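Below: the structure, in structure tokens.
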Amino acid sequence: MHLVGAGPGDPDLLTVKALRLLQAADVVVHDHLVAEGILALIPAATRRVFVGKKGGGFCCPQHRIEETLVDLARQGLNVVRLKGGDPFIFGRGGEELEALAAAGIPCSIVSGVTSAFGAAAEAGIPLTHRRLASGVVFLTGHEEPGKTESAVPWEDYARLGATLCVYMGMKNLESITGRLLAGGLAAETPAAVVQAATTASQRLWVSSLGRIAREAEEGGFTAPAIVIIGEVVGLAEVLQQRTAAELALP
């Protein structure tokens, strides 16, 4: 059994090890967010099992995914569990690894380029910077539906002085930015939304903490998207212009 990260979407960002495992697999169990260009790298004869979700509607409950993985592995098949981004960053990879371990099934882990890394690189945003940000935090903007309140102390994160990368935050972006403002983060703090990072559908919007929720909604930005908040976002336009100029040199 192999738990493999597919990266943010661009097939060129798939690791060499991930590609080798995909091409040797008997069956690939994959999510909705795995890009078609990556699925196209799987041999036609390889069995595929879709267990993803789209638009908030679950196609397969998590416990059923885990049962499927255990069942396939016990059949003696070479199984690749393929997940968008990195399995261990908001990918429920830890839960699946626990289920496999409880069933006595050995599993290798192959990390992938997580969405925040891919989005930041495409936008020209350095997540850390000696002058502007000495830390970076990955946060989820979407939690279990049964929770009565967020477990993320947004007001506390507002005071860290770190770059904040918010996964799955589009639905609750107004609430998230409001709580960061309430925690003392300045309204003019640079903020960006990167939708469908590294794919042909990628869209980027750079604004400020105080305006990003409204402007992203007006611009029709939707999931999948990463929200990046912090002073480093202010470098995006400068670095993109400089890179474009350098690439244009003879």
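The values are calculated or read from the model by the stated rules, or taken from the named source; none is laboratory data. Computed from a predicted structure; not experimentally measured. Every residue, glycine among them, receives a Cβ derived from its backbone with ideal geometry; neighbour counts consider all protein chains shown.
Observations, loosely collected:
- Taking the criterion of being polar (S, T, N, Q) and either touching a Cys at 6+ places or on another chain (Cβ under 6 Å) or closer than 19 Å to residue 218 by Cα (or both), the residues of segment 184-203 that qualify are 195, 201, 202.
- Residue among 134, 175 that alone is within 21 Å of the chain's Cα centre (by Cα), loosely packed, with under 15 Cβ neighbours inside 10 Å and not acidic (Asp, Glu): 175
- Residue identified as in contact (Cβ under 8 Å) with a residue 12 or more places away in the chain and farther than 26 Å from residue 138 by Cα among 110, 34, 51, 28: 28
- Qualifying residue in segment 144-156 (condition: buried (at least 19 other Cβ atoms within 10 Å of the Cβ) and either modelled with pLDDT of 95 or more or among the hydroxyl-bearing types (Ser, Thr, Tyr) (or both)): yes
- Within segment 65-88, tally of residues that are crowded, with 20+ Cβ neighbours inside 10 Å and either closer than 27 Å to residue 166 by Cα or not small (Gly, Ala, Ser) (or both): 13
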